[in-house]
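Enquirer: My questions all concern the structure below.
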Amino acid sequence: MQRRPFLLSAAALLAAPAVRAQDAWARIEQGARGQTVVFNAWGGSERINAYLQWAAGELQSAHGVTLTHVKLADTAEFVRRVRAEKAAGRREGSADLVWINGENFLSMKREGLLFGPWAEQLPNFALVDVEGKPTTRIDFAEPVQGLEAPWGMAQLSFFVDTARAPLPAARSLAGLLEWAGRHPGRFTYPRPPQFMGSTFLKQGLAELNPDRAALARPHTAEAFARLAPALWAYLDRLHPLLWRGGRQFPASPAAIVQMVADGELAMGLTFNPNEPANLISARTLPASVQTFQFSGGTLGNTHFVAIPFNARASAGAQVVANFLLSPRAQARKADLRQWGDPTVLAVSRLAPAERALFAAADVPGLVREPAPVWPEPHASWVEPLETEWLRRYGV
């Protein structure tokens, strides 16, 4: 009988952290009610914009939070704005939440422009597949440390209109070079520093060098001089076989999609493995398009949402981020009819009813043989890579 009080006290001690976390979240939800969250996010996709409109309605109904989407053309513009606000001493900024990753996150983290840590305290963060998708905690080789919440996944993929050309015999950069030799002028990539163009360069840097571990560390002139020559040698062979002989490069992935749709190109590239299937369903691309990834692996990453250091509605921003991690919101985002953005959640660990939300139909254009995901190089590699590409090929 004398042990019972001790056992009860021990159980209470074990439960205390969970109770405190619930109380803390309840206070955040209460503080968020009535707030307006200004969400700065890329606005170049009608599907994504429509998804955010749906989320805004759900947040207003369930949480009393007003979500306002400020459409960005380039997240770097947002970083410059927050940097200027900090320099001017503005303690209440122009934004509460931003869609971000990569070098923009690295800049904001290093310059103290972010609120937090907060992300891993979200109730729905427990559903994130941090083991199977380690990039949910590492952003371009930079530890996230709770300063941004994962939102969706991406992986470099290629698509071919098989009515105009076959898939490459080998799913690799070498196979792409061989394919381009057989089908000159039918492939290209966007002009760096456009994101997809830079991603193609990073894929080459990673695939053509056995020492990928060096890419996970911050850039140094010595490492660049050692690893970059293999990429330039490959591009020197590939560029004459590209659209317009590699003398011009399209401005965007959207331009490449249109060129494939028009038959000017036979192959394109994307960072959303589901995008070709989406475009087939929208009748932008023909059903003869097939999507593939390099069998050895392609670069992949997670995109996130973060809160600026001077957000007016930090509580509301956390409520928005938590909703975006909910199974219902993630399933709608993954739905090819809505957006088709892969989920960050561990779907196999969800309750059966929640797992059922992610059931996908077998439709044309989906990746049939998913490849391993390679982590992005450290974000500090991007600028020197783009600068040297422009020096060599940009004129």
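The values are calculated or read from the model by the stated rules, or taken from the named source; none is laboratory data. Note that the structure is predicted; figures quoted are calculated from it, not measured. Please note: Cβ atoms are built from the backbone with ideal geometry, for glycine as well, and neighbour counts cover all protein chains shown.
Enquirer: Does region 261-300 hold any residues that are more than 24 Å from Asn209 (Cβ to Cβ), of a type in the set (Gly, Ala, Ser) and at pLDDT below 95, and which are they?
Expert: Residues satisfying the conditions are Ala277, Ser281, Ala282.
Enquirer: Let me ask you something else. Consider only pairs whose beta carbons are under 8 Å apart and that are at least six residues apart or on different chains; among these, list those whose first residue lies in region 357-370 and is at pLDDT 80 or above and whose second residue is outside any loop (DSSP other than H, G, I, E, B) and of a type in the set (Phe, Trp, Tyr).
Expert: Short answer, once both residue conditions are applied: Gly365/Phe159; Val367/Phe292; Arg368/Phe292; Glu369/Phe292.
Enquirer: Have a look at Arg226, Arg217, Arg312 and point out the one that is in the same structural domain as Lys109 (by TED's automatic domain parsing), over 30 Å from Gly340 (Cα atoms) and either modelled with pLDDT under 95 or out of contact with any Gly (no Cβ under 6 Å at 6 or more places or on another chain) (or both).
Expert: Arg312
Enquirer: Separate question: What do you reckon, is Pro190 closer than 30 Å to Val395 by Cα and either buried (at least 16 other Cβ atoms within 10 Å of the Cβ) or out of contact with any Leu (no Cβ under 6 Å at 6 or more places or on another chain) (or both)?
Expert: Against the criterion (closer than 30 Å to Val395 by Cα and either buried (at least 16 other Cβ atoms within 10 Å of the Cβ) or out of contact with any Leu (no Cβ under 6 Å at 6 or more places or on another chain) (or both)), Pro190 qualifies.
Enquirer: Do the conditions hold for Val82, that is, is it farther than 23 Å from Arg217 by Cβ and β-branched (Val, Ile, Thr)?
Expert: Answer is yes for this residue.
Enquirer: Arg312 is checked against (1) charged (D, E, K, R); (2) without any contact (Cβ under 8 Å) to a residue 40 or more places away in the chain; (3) not in a helix (DSSP H, G or I) and fails just one. What number does that condition carry?
Expert: (2)
Enquirer: Tell me, please, whether a residue that is more than 25 Å from His378 (Cβ to Cβ) and crowded, with 22+ Cβ neighbours inside 10 Å can be found in region 138-150.
Expert: Scanning region 138-150 turns up no residue that is more than 25 Å from His378 (Cβ to Cβ) and crowded, with 22+ Cβ neighbours inside 10 Å.
Enquirer: Looking at Asp262, Asp335, which one is assigned by TED's automatic domain parsing to the domain that holds Gly112, free of Cβ contacts under 8 Å to residues at least 40 places away in the same chain, of a type in the set (D, E, K, R) and out of contact with any strand residue (DSSP E or B) (no Cβ under 6 Å at 6 or more places or on another chain)?
Expert: Asp335
Enquirer: I'm trying to understand the selection: among the residues of region 50-80, which are assigned to a helix (DSSP H, G or I) and buried (at least 16 other Cβ atoms within 10 Å of the Cβ)?
Expert: Tyr51, Leu52, Ala55, Ala56, Glu58, Leu59, His63, Thr75, Phe78, Val79 - these are the residues of region 50-80 that are assigned to a helix (DSSP H, G or I) and buried (at least 16 other Cβ atoms within 10 Å of the Cβ).
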